[in-house]
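Undergrad: Handing you a structure now.
Please treat every number below as a calculation from the coordinates, not as lab data. The shown structure was predicted, so the numbers you read here are calculated from the model rather than taken from an experiment. Cβ coordinates were reconstructed from backbone atoms using ideal geometry, including for glycine residues, and neighbour counts include every protein chain displayed.
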Amino acid sequence: MKAMTGAEVIKKYNIPVPRYTSYPPANLFSDKYTGDDYRRDILESNRVGSRALSFYIHIPFCKNICHFCACNRILLPSDSGAVATYIDYLHREFDLVRPLLDPSRPITQVHFGGGSPTAISLDYIGEVIQMLTDSFAPAPQAEIAIEVHPGFLTYRDWDRLIEMPFTRYSIGLQDLHTDVLKMAGRIPPRVPVGEVIGAIHDAGKRVNLDFVYGLPGQSVGSFEDNIAQALEMHPDRLVTFSYAHVPWLHPGQKILEQYGLPAAEVKQAMYDRAARMMTAAGYVQIGLDHFVLPDDPLAVALQKHSLHRNFQGYCPRDISGQVYGLGVTGIAQLHDAYAQNIKTLPEYYSAIDRGQLPTHVGYKLSREECLARDLITDLMCNYRTAPLRHAASYGLELKSLADLPILDSVRLEEMIRDGLVEVEGETLVMNPEYHPFVRNVASCFDIHYSPDAPRGYSRPI
Ligand SMILES: C[S@@+](CC[C@H](N)C(=O)[O-])C[C@H]1O[C@@H](n2cnc3c(N)ncnc32)[C@H](O)[C@@H]1O
Ligand code: SF4
């Protein structure tokens, strides 16, 4: 039978489907999962799953709140003791977690996110790195990354930051035009970013630049100019986030409505044009929004079909450890569990004062959910997956794909007939023409998804 045409595929499959940035999605996390559950799961994580340790450190403070922001952040208090207190509680939280972890496990990833980790004294950041590496040895290929808001950093701050043991700097540019930044309530970089990138490269380290498309004042032409300027600076990675307008969660975003947000088609055109420019300049596309140089570990991993994604972002599978989150709202991602910390500072502090792990919500995955997560992650990162091999790693020796207990085989067979995905031996491989529909194929393994009740999801295109 002849496969469908491109237009027919778009018409049929451009329907709401989950984004699969995690599986199961965070909206299933529940407060039935407690600090005691997390304690048990940390102990278990020494025996089951990756031995590698990946630490996520959340620094919630920002010197200025941008109107578009959808992150977990708070305005930096004027009281200088407030940051010292937070860092003290980070140490105390780590003192609760550290004794539960096998001290022989290596650190492969540390990520400082926020908020703006660089809004606080770099001495504190150095102290936290020291705290981690005094207890666990970093692996030779360990990645230590930090999110950097360049708005407040002087030449001297950058010198200091580049001397620190970071291997990658993730600089939030968002846009390079003064009018767009002004409407977004965002402070522009204090030091020319091209110079900073040169200094980071001279130190033998990597840098990525974050942009957001869909902000007021942006047009296809102005976003094109952002990317053209960024390409001139030769960053190792470029990330283009689609602006998420969620004023019911972040009421501050309503301010942007007075200026008018670009229409969906304009937003799509901004992305398409930017993606074409970056790929024409030799960058390799990773997932939907990352573009990296061909020698980047992410591009190499994609080539070897071993790209992975966790809450720290994309990474080669061999450095992806189990993630332990520290700090307010920090998320842990263990072999078969998620745990998210309490969201407000007073409650976070008081849990630690009581000697409790400050877990707010979490989720324990069943064996079937673990298998579904592995297949979905593999598909989303590498556009292919070998279901029977993954099933065998969970003790399920199956003869054929049809025996897979989590599979919606009727929908998958239909997608195979329609040409979205092909079967090569025991491997399912996405048709490159239909990569944007990888979420549809992934949904065939999602035991929580029903095509009849797809409320609240976005469409692939
Ligand atoms: C924790 S923030 C960045 C760190 C730092 N505070 C900064 O602003 O540069 C991580 C990234 O999330 C992205 N982001 C924030 N709000 C967003 C939104 N509403 N939609 C899409 N991306 C968003 C921005 O690109 C930002 O660089
Ligand atoms: S975008 Fe960055 S600097 Fe701006 S409020 Fe959000 S976390 Fe803070």
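Undergrad: May I ask you to list the aspartates and glutamates whose Cα is less than 15 Å away from that of LYS205, ignoring any residue fewer than eight positions away on the same chain?
TA: GLU143, GLU147, ASP159, GLU163, GLU195, ASP236, ASP295, ASP296
Undergrad: Okay, moving on. Within 10 Å, count the other beta carbons around each residue, average over each peptide in 442-450, 108-116, 304-312, and list them highest first.
TA: 108-116, 442-450, 304-312
Undergrad: Relative contact order of region 22-173, please, whole-number percent, based on alpha carbon pairs below 8 angstrom and at least 6 residues apart. Each step should come with its number before you reach the end.
TA: Values: 178 pairs, mean separation 37.0, N = 152.
About 24 percent, as a whole number.
Undergrad: Counting only DSSP beta bridges with both residues in the chain, tell me the antiparallel percent, nearest 5.
TA: Numbers: 27 of 62 bridges.
Just about 45 percent of them are antiparallel.
Undergrad: Continuing with the same structure: Could you list, in their original order, any pairs among LYS11/LYS399; LYS12/LYS254; LYS11/LYS254; LYS32/LYS343; LYS267/LYS364 whose Cα atoms are separated by more than 28 Å?
TA: LYS11/LYS399; LYS12/LYS254; LYS11/LYS254; LYS267/LYS364
Undergrad: Loop-only GluC sites (Glu not before Pro) in region 336-401, please: DSSP not H, G, I, E or B, and at most 12 other Cβ atoms within 10 Å.
TA: GLU397
Undergrad: Of LEU371, PRO18, PHE291, which is farthest on the positive side of the dipole of the chain, counting Cα position, with +1 on Lys and Arg Cβ, -1 on Asp and Glu Cβ, and the Cα centre as origin?
TA: PRO18
Undergrad: Dividing the convex hull volume of the Cα atoms of region 344-432 by its residue count, what figure in Å³ per residue is obtained?
TA: 144 Å³
Undergrad: Let me ask something else about it. What's the Kirkwood radius of region 213-340 in Å, using all Cα pairs?
TA: Over region 213-340, the inverse of the mean reciprocal pair distance is 16.9 Å.
Undergrad: Translational diffusion coefficient, Stokes-Einstein: compute it for the chain using the Kirkwood radius over C-alpha pairs as Rh, at 37 °C and 0.692 mPa s, and state it as an integer in µm² s⁻¹.
TA: 141 µm²/s
Undergrad: To the nearest 20 debye, what is the magnitude of the charge dipole of region 1-93 about its Cα centre, counting +1 on the Cβ of each Lys and Arg and -1 on the Cβ of each Asp and Glu?
TA: 540 debye
Undergrad: Choose one of GLY49, THR34, ILE74: the residue whose Cα lies farthest towards the positive end of the charge dipole of region 30-78 (beta-carbon charges +1 Lys, Arg; -1 Asp, Glu; about the Cα centre).
TA: It is ILE74.
Undergrad: If you don't mind, there's one more thing I want to ask. Which length gain, in nm to one decimal place, applies between ALA137 and HIS201 when the Cα-Cα distance is subtracted from 0.36 nm times their residue separation?
TA: My answer for the length gained is 20.5 nm.
Undergrad: Expressed as a rounded percentage, what relative contact order does the chain have, with Cα pairs under 8 Å and six or more residues apart?
TA: Once normalised by length, the contact order is 21 percent.
Undergrad: Now a separate question. Is the C-alpha gyration tensor of region 5-84 telling us rounded, prolate or oblate? Criteria: a/c under 1.5 is rounded; beyond that, a/b larger than b/c is prolate, otherwise oblate.
TA: Oblate shape, in that a/c is at least 1.5 and b/c is the bigger or equal ratio.
Undergrad: Find which of CYS444, ILE416, VAL429 sits farthest along the positive direction of the dipole of region 409-461, computed with +1 on the beta-carbon of Lys and Arg, -1 on that of Asp and Glu, about the Cα centre.
TA: CYS444
Undergrad: I would also like to ask the following. Please get the size of the charge dipole for the chain, origin at its Cα centre, with Cβ charges of +1 on Lys and Arg and -1 on Asp and Glu, quoted in debye to the nearest 20.
TA: In total the dipole reaches around 440 debye.
Undergrad: Using the Cα gyration tensor of region 383-461, with a ≥ b ≥ c the square roots of its eigenvalues, what is the shape: rounded (a/c below 1.5), prolate (a/b larger than b/c) or oblate (neither)?
TA: It is oblate, given that a/c is not under 1.5 and a/b is not larger than b/c.
Undergrad: Here is a follow-up. Distance in nm between label sites at SER400 and LEU122, each 7 Å beyond Cα in the beta-carbon direction?
TA: Here the answer is 6.2 nm between the modelled labels.
Undergrad: Report the relative contact order of region 226-304, percent, no decimals, based on alpha-carbon pairs under 8 angstrom and at least 6 residues apart.
TA: It rounds to 35 percent for region 226-304.
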